[in-house]
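What follows is a single structure, written as structure tokens, with notes after it.
The values are calculated or read from the model by the stated rules, or taken from the named source; none is laboratory data. What you see is a predicted model; the values in this text were computed from it and never measured. Quick reminder, even Gly has a Cβ in these numbers, built from the backbone with ideal geometry, and neighbours come from all protein chains shown. These accessible areas exclude ligands, DNA and RNA; they are computed on the full protein's heavy atoms, side chains included. Shrake-Rupley method; radii C 1.70, N 1.55, O 1.52, S 1.80 Å.
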Amino acid sequence: MNLTKAIKRKAIELGFDLVGITGAEPIEAGEIEYIKNWLAAGRAAGMSYMHRNFAKRTNPARILPGAKSVICVGLNYKPPPVKNPPDDNSTDYGRIANYALWEDYHPFMKKRLRALARFMNDLVGASNFTFKICVDSAPLAERALAQRAGLGFIGTNHMLINPRLGLQIFLGEIITNIELDHDSPMTNHCPDCNKCIRACPTGALGSAGTFDANKCISYLTIEHKQDIASDLAAKIGNRLFGCDECVLACPYDLNAPPCANTQLRFFPEYMRIQPGRVLAWQQTQFDRLFADSSVKRLGLERLKRNSKICLANSGTGQGARKISSSSQGTSKPE
Ligand code: B12
Ligand code: SF4
Ligand code: SF4
């Protein structure tokens, strides 16, 4: 078996759902231009890190000198069916975006990509092999590279979509100096039905397919550090952390299978978090509940900010009331 085939087989054995390989050359000129204009227009909002390392973000060889190939992997995170799930518009429970109902995918994927790198090292020999593992936080245009590696196409909602597995897919990469066979980019199969645009509660996805993080609920509830302007807060509804509307509205999500990786831990209890209870939580309760979760990085204070918004939107008005920080809460979501 040749090296490329062996690496791909190992990636699937390690639990990834998708694997494809592309060259390490810069992403397309049109995409570079797009990111440049997007940043210049202020559409990255307060994500100052998006303005740094532009050369690396658009060119994998700036992350790993001498890079020849990028191995792109995808991991399906569509949740399994859950018994009696809370209503999407529940006023009792806050919503956590699907990707965060699982254990934090960053260490999960990095560990398996390290195993893949060790496998490659054994095949090619340490003296010839250099590599860099990336999952989300590295300055790298992951969706553009995944598209080029044949994992999927980029839809109007800006998500990487695989026709078989849908769009609830985490992305990760190994950039390496090893020459491997490259896959063909996937052509675009987005029918421009615009269901994603219509589903977006705030207009963050514009009619021309533009994306403005300033208005995006995912940005506001996860990344934004300050208070949230009241006109946008009113549109956040019951979303405690992240937003999935432009993903769930997409026809490609309808028949996509749920995650098949039994090692990725799912936390259905995150679907039953009561914003009113969160306001009374102590730090230790937050730390315990979210120890292995992406929510941990948000911190308790911002989760409380989001909870107040959910409460105000539910009409209970509790969010506006002063709740003593010394009042006792519960360590379990209810
Ligand atoms: C910053 C960021 C965010 C920001 C900004 C989102 C955004 N659209 O840029 C916020 C916090 C809002 C966010 C939200 C979410 N994110 Co996010 N995010 C990122 C991050 C770190 C960088 C993305 C980026 O480069 N943005 C810059 C803009 C300019 O990129 P873009 O809009 O996608 O445009 C690119 C292409 O789409 C293309 N393009 C788009 N339009 C056009 C038009 C033309 C004419 C051309 C030529 C090109 C072009 O060119 C651009 C260059 O690549 C990546 C990880 C990474 N390192 O890549 C994860 C990532 C994109 N996020 C991810 C996820 C899961 C989400 C959420 C679903 C989470 C949630 N449920 O709340 C939402 C989805 C929101 C959405 N519709 O995009 C996954 C996406 C997986 C997938 N299947 O696509 C990633 C890849 C993380 C990962 N490793 O799995 N995210
Ligand atoms: S994540 Fe939500 S707010 Fe952001 S673009 Fe998608 S639907 Fe709109
Ligand atoms: S909802 Fe329609 S327009 Fe939007 S990404 Fe999916 S297929 Fe494309």
Just name the residue that is nearest to ligand 1 (Cβ to nearest atom) out of those in the range 165-211 that are loosely packed, with under 15 Cβ neighbours inside 10 Å and of a type in the set (Asp, Glu). 192
Residue 194 being touching a Phe, Trp or Tyr at 6+ places or on another chain (Cβ under 9 Å) and under 27 Å from residue 242 (Cα atoms): no
Conditions (1) within 8 Å of ligand 1 (Cβ to nearest atom); (2) of a type in the set (Lys, Arg); (3) closer than 14 Å to residue 63 by Cα: number failed by residue 132: (1)
Extreme residue, most open to solvent (accessible area, probe 1.4 Å), among residues of the range 91-146 that are of a type outside the set (A, V, I, L, M, F, W, C) and without any contact (Cβ under 8 Å) to a residue 24 or more places away in the chain: 118
Does any residue in the range 153-177 that is in contact (Cβ under 8 Å) with a residue 40 or more places away in the chain and within 22 Å of residue 4 (Cα to Cα) come within less than 7 Å, Cβ to Cβ, of a residue that is within 12 Å of ligand 3 (Cβ to nearest atom) and outside any strand (DSSP E or B) six or more places away or on a different chain, and which pairs are these? 162/152
Any residue at all in the range 218-239 that is part of a helix (DSSP H, G or I), open to solvent by 30 Å² or more (accessible area, probe 1.4 Å) and within 16 Å of ligand 3 (Cβ to nearest atom)? yes
Looking only at the range 171-200, which residues are away from ligand 3 (no atom under 16 Å from the Cβ) and either of a type in the set (Gly, Ala, Ser) or in contact with a His (Cβ under 9 Å, 6 or more places away or on another chain) (or both)? 172, 184
Buried (at least 18 other Cβ atoms within 10 Å of the Cβ) and either within 16 Å of ligand 3 (Cβ to nearest atom) or acidic (Asp, Glu) (or both) - does that describe any residue in the range 78-87? yes
Condition first: over 11 Å from residue 96 (Cα atoms) and either open to solvent by less than 50 Å² (accessible area, probe 1.4 Å) or within 15 Å of ligand 1 (Cβ to nearest atom) (or both). Now tell me which residues in the range 240-256 satisfy that. 245, 246, 247, 248, 249, 250, 252, 253, 256
All but one of (1) among the hydrophobic types (A, V, I, L, M, F, W, C); (2) open to solvent by 30 Å² or more (accessible area, probe 1.4 Å); (3) more than 30 Å from residue 163 (Cβ to Cβ) hold for residue 38, so report the exception by its number. (3)
Enumerate the helices (runs of 4 or more DSSP H) found wholly within the range 1-109, keeping only those where 3 or more residues are out of contact with any helix residue (DSSP H, G or I) (no Cβ under 6 Å at 6 or more places or on another chain). 3-13, 29-40
Scope the range 41-56; condition open to solvent by 70 Å² or more (accessible area, probe 1.4 Å) and farther than 28 Å from residue 176 by Cβ; matching residues: 43
Give the range 154-164 a look and list any residue that's part of a strand (DSSP E or B), among the hydrophobic types (A, V, I, L, M, F, W, C) and either out of contact with any Phe, Trp or Tyr (no Cβ under 6 Å at 6 or more places or on another chain) or surrounded by fewer than 23 Cβ atoms within 10 Å (Cβ to Cβ) (or both), or say none. 154, 160
Any chance you could count how many residues in the range 57-67 are touching a Ser or Thr at 6+ places or on another chain (Cβ under 7 Å) and buried (at least 17 other Cβ atoms within 10 Å of the Cβ)? 2
Take residue 151 and decide whether it is away from ligand 2 (no atom under 11 Å from the Cβ) and buried (at least 21 other Cβ atoms within 10 Å of the Cβ). yes
Which members of the range 273-291 meet the condition of being of a type in the set (Lys, Arg) and buried (at least 16 other Cβ atoms within 10 Å of the Cβ)? 277
Between residues in the range 246-257 that are charged (D, E, K, R) and residues that are open to solvent by 20 Å² or more (accessible area, probe 1.4 Å) and more than 10 Å from ligand 2 (Cβ to nearest atom), which pairs lie under 8 Å by C-beta distance while being six or more apart or on different chains? 253/78
